[in-house]
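Colleague: Before I ask anything, let me first share the structure, which is written out below as structure tokens.
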Amino acid sequence: MNIHEYQAKAVLKEFGAPVSRGVPIFKPEEAEKAANELGGPIWVVKSQIHAGGRGKGKFKEAAAGEKGGVRLAKSVDEVKTFAREMLGNTLVTLQTGPAGKQVNRLYIEEGSEIEKEFYLSILVDRATSRIAFVVSTEGGMDIEEVAHNTPEKIKTFSVDPATGVMPHHGLTVAKALGLSGAAAKQATGLVAQLYAAFVAKDMAMLEINPLIVTKGGDLRVLDAKVSFDSNALYRHPEIVALRDETEEDPKEIEASKYDLAYIALDGTIGCMVNGAGLAMASLDIIQLYGESPANFLDVGGSASEEKVTAAFKIITADPKVKGILVNIFGGIMKCDVIARGVIAAVQAVGLQVPLVVRLEGTNVEEGKTIIRESGLNVIPADDLDDAAQKIVKAVREAR
Ligand code: GDP
Ligand code: MN
């Protein structure tokens with residue numbers, strides 16, 4: 001789960017990390033009060049969307065002006081103007097895709113005087129099974145580009161979970177960033193604070209780009225992007241409360257209500273599969289035969305008829321879907337339950353596209369009989385390969 005920059009900064013502040021003062025706003029009318037509260041003389045007006053690259057982004061609407069999604073304001077009036085221009089309009093950045101994202105919240109922040117910009121992130125390194133830091137002197141830039149062009153400018157190290165973070169980690173960061181004086185001393189504190197926040201809140205990733213040294217010589221977190229491990233959210237109701245559903249795919253939200261593992265993709269073939277491995281194999285084989293999947297969907301090992309019905313409805317409601325492949329290997333999951341779920345869903349929402357069903361395993365004969373006797377226009381398939389070829393063929397013939 002992702003949160004907005006202003007929410008991430010509030011979380012980091014709880015752990016003592018140095019962030020600027022700021023006020024989130026939702027309506028242009030709130031801009032003046034926020035600006036006066038912060039006092040100036042410089043403010044930053046920051047679009048809050050779940051995507052990076054806002055500074056270099058562009059708004060689609062001419063009314064939003066030429067400047068990007070992060071703007072420096074030199075007066076209260078300018079803060080008000082920017083707020084009016086940005087709120088409600090669509091910001092396109094390298095990370096949003098061409099459709100962009102509507103800006104529904106702004107963060108008005110006290111402006112910092114920047115001496116230098118750095119990059120710092122923390123993530124879970126699967127190779128070492130440890131929490132790792134990534135730091136670079138090349139802040140404010142696209143880190144993938146830095147990694148590609150000048151990998152020597154990126155320093156990484158991991159933290160031994162037995163000892164936790166130690167003062168030497170702070171020294172490593174200070175050295176890698178070439179810090180001196182107060183900022184070098186502050187690095188040790190900051191590294192400890194960020195590590196503590198990361199562990200306590202079960203973060204999956206924490207990215208600070210840029211981390212800055214101010215003209216006054218102090219370290220400050222200028223941008224913050226945080227994502228959390230969804231499997232640990234049950235123990236962080238305070239984080240779940242920060243969820244902004246307008247930033248998420250409505251189909252994925254609906255799927256999460258039924259505890260379905262669903263991810264929307266760009267292709268044309270809707271897939272209902274049980275087990276993540278079989279689901280991945282199904283996506284691959286559809287691709288092999290020349291079409292693309294419209295989604296990843298794992299209905300799980302023990303889905304109820306209700307859950308299967310919900311899954312089928314989510315797939316059919318997607319206008320991109322030009323054909324559906326149901327591929328079930330009944331182990332714990334029973335084929336007759338799947339068959340009843342599919343039929344209940346089709347009866348509720350109809351079926352406008354070809355449907356290929358491949359069932360195998362527990363209660364397979366009962367499942368096949370239910371589908372055959374339903375009178376539905378279902379194309380039966382014998383195995384995974386057969387099923388993929390049939391759905392690809394059906395989708396192409398319908399074009
Ligand atoms: P992003 O473009 O989505 O990564 O948004 P950032 O929060 O990183 O802001 C983009 C850029 O705006 C930063 O790299 C800074 O150069 C600049 N910026 C952000 N906040 C301030 C500030 O307080 N003062 C100044 N001078 N520049 C800022
Ligand atoms: Mn940034």
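Colleague: Between Val349 and Ser227, 0.36 nm times their residue separation minus their Cα-Cα distance comes to what?
Modeller: 40.4 nm is the gain from fully extending Val349 to Ser227.
Colleague: Further question on the same structure: Viscosity 1.567 mPa s, temperature 4 °C: Stokes-Einstein D of segment 250-398 from its Kirkwood Cα radius, in µm² per second? The partial results should precede the final answer.
Modeller: Working: Rh = 14.6 Å.
Roughly 89 µm²/s, to the nearest whole number.
Colleague: Next up: For the chain, set up a GNM with springs between Cα atoms under 10 Å and report which of Asn104, Asn327, Asn149 has the largest fluctuation.
Modeller: Asn149
Colleague: Treating the beta-carbon of each Lys and Arg as +1 and of each Asp and Glu as -1, no other charges, what is the dipole magnitude of the chain about its Cα centre, to the nearest 20 debye?
Modeller: Working: 45 positive and 54 negative charges, 142 e Å.
That gives the chain a dipole magnitude of about 680 debye.
Colleague: Going from most exposed to least, what order do Arg235, Arg54 have by accessible area with a 1.4 Å probe? Before the final figure, lay out the partial values.
Modeller: Working: Arg235 135, Arg54 20 Å².
Of Arg235, Arg54, the descending order of accessible area is Arg235, Arg54.
Colleague: If R0 is 51 Å, what FRET efficiency do you get for Leu288 and Val240 from their C-beta distance, rounded to 0.05? Walk me through the numbers before you get to the answer.
Modeller: Numbers: r = 39 Å, r/R0 = 0.76.
Efficiency, rounded to the nearest 0.05: 0.85.
Colleague: Report the far tail of the P(r) of segment 114-221, meaning the percent of Cα-Cα pairs longer than 16 Å.
Modeller: The proportion of pairs with Cα distances above 16 Å equals 56 percent.
Colleague: Moving on. With all protein chains present, how much of the accessible area of segment 114-239 (probe radius 1.4 Å) comes from carbon and sulfur, to the nearest whole percent? Walk me through the numbers before you get to the answer.
Modeller: Working: 3350 of 6160 Å².
Solvent-exposed carbon and sulfur of segment 114-239 make up 54 percent of the total.
Colleague: If you don't mind, there's one more thing I want to ask. Just to be sure I understand: of the beta bridges DSSP finds with both ends in segment 256-345, what percent are antiparallel, rounded to 5?
Modeller: Values: 4 of 11 bridges.
The antiparallel fraction comes to roughly 35 percent.
Colleague: Right, something else. Ignoring ligands, DNA and RNA, what accessible area per residue does the chain give at 1.4 Å, in Å²?
Modeller: Values: 18880 Å² over 399 residues.
Per residue, the chain has 47 Å² of solvent-accessible surface.
Colleague: Ok, one more. For labels at Glu37 and Met280 in the simple 7 Å Cα→Cβ model, what's the distance in nm?
Modeller: 4.7
Colleague: Tell me, what is the FRET efficiency for Leu72 and Thr137 to the nearest 0.05, using R0 = 22 angstrom and their Cβ-Cβ distance as r?
Modeller: Working: r = 23 Å, r/R0 = 1.05.
So, using R0 = 22 Å, E works out to roughly 0.40.
Colleague: For the pair Asp382/Glu14, report the inter-label distance in nm, with labels modelled 7 Å from Cα in the Cβ direction.
Modeller: Taking the simple label geometry, Asp382 and Glu14 are separated by 5.8 nm.
Colleague: With the crude spin-label approximation of a point 7 Å out along Cα→Cβ, what separation in nm comes out for Ser180 versus Glu306?
Modeller: 6.7
Colleague: Under the 0.36 nm per residue contour assumption, what length would be gained going from the current alpha-carbon distance of Thr369 and Ala261 to full extension?
Modeller: Numbers: separation 108, 0.36 × 108 = 38.88 nm, distance 2.80 nm.
Stretched out fully, the Thr369 to Ala261 stretch lengthens by 36.1 nm.
Colleague: Right, something else. What does the net charge come to around Glu245 if you take all other residues with beta carbon closer than 15 Å to its beta carbon, with K and R at +1 and D and E at -1?
Modeller: On the way: positive: Lys101, Arg105, Arg243, Lys251, Lys257; negative: Asp244, Glu247, Glu248, Asp249, Glu252, Glu254.
Once positives and negatives cancel, what remains is -1.
Colleague: Moving on. Could you compute how fast the chain diffuses translationally, taking Rh as the Kirkwood radius over C-alpha pairs and applying Stokes-Einstein at 37 °C with viscosity 0.692 mPa s? Give it in µm² per second.
Modeller: 137
Colleague: Counting other Cβ atoms within 10 Å, which trypsin sites (Lys or Arg not before Pro) in segment 125-199 have at most 13 and lie in a DSSP loop? It would help to have the intermediate numbers written out before the result.
Modeller: Details: sites: Arg126, Arg130, Lys153, Lys155, Lys175, Lys185; in loops: Arg126.
For trypsin sites (Lys or Arg not before Pro) across segment 125-199 that sit outside H, G, I, E and B with at most 13 neighbouring Cβ atoms in 10 Å, the list reads Arg126.
Colleague: Oh, and also: Run the accessible area of segment 21-110 with a 1.4 Å probe and give the carbon-and-sulfur part as a rounded percent.
Modeller: Working: 2430 of 4430 Å².
Carbon and sulfur: 55 percent of the exposed surface of segment 21-110.
Colleague: I've got another one for you. Out of the DSSP beta bridges found with both residues in the chain, what percent are antiparallel (nearest 5)?
Modeller: Numbers: 50 of 69 bridges.
Around 70 percent of the beta bridges assigned by DSSP in the chain are antiparallel ones.
Colleague: Share of segment 250-398's accessible area from carbon and sulfur, percent, 1.4 Å?
Modeller: Numbers: 3520 of 6650 Å².
The computed percentage sits at 53.
The values are calculated or read from the model by the stated rules, or taken from the named source; none is laboratory data. It should be emphasised that the depicted structure is a prediction, and the values quoted were computed from it without experimental measurement. With ideal geometry, Cβ positions are generated from the backbone for all residues, glycine too; neighbour counts draw on all protein chains shown. Ligands, DNA and RNA are stripped out before the accessible areas are found, and what is left, the full protein with its side chains, is counted by its heavy atoms. Shrake-Rupley method; radii C 1.70, N 1.55, O 1.52, S 1.80 Å.
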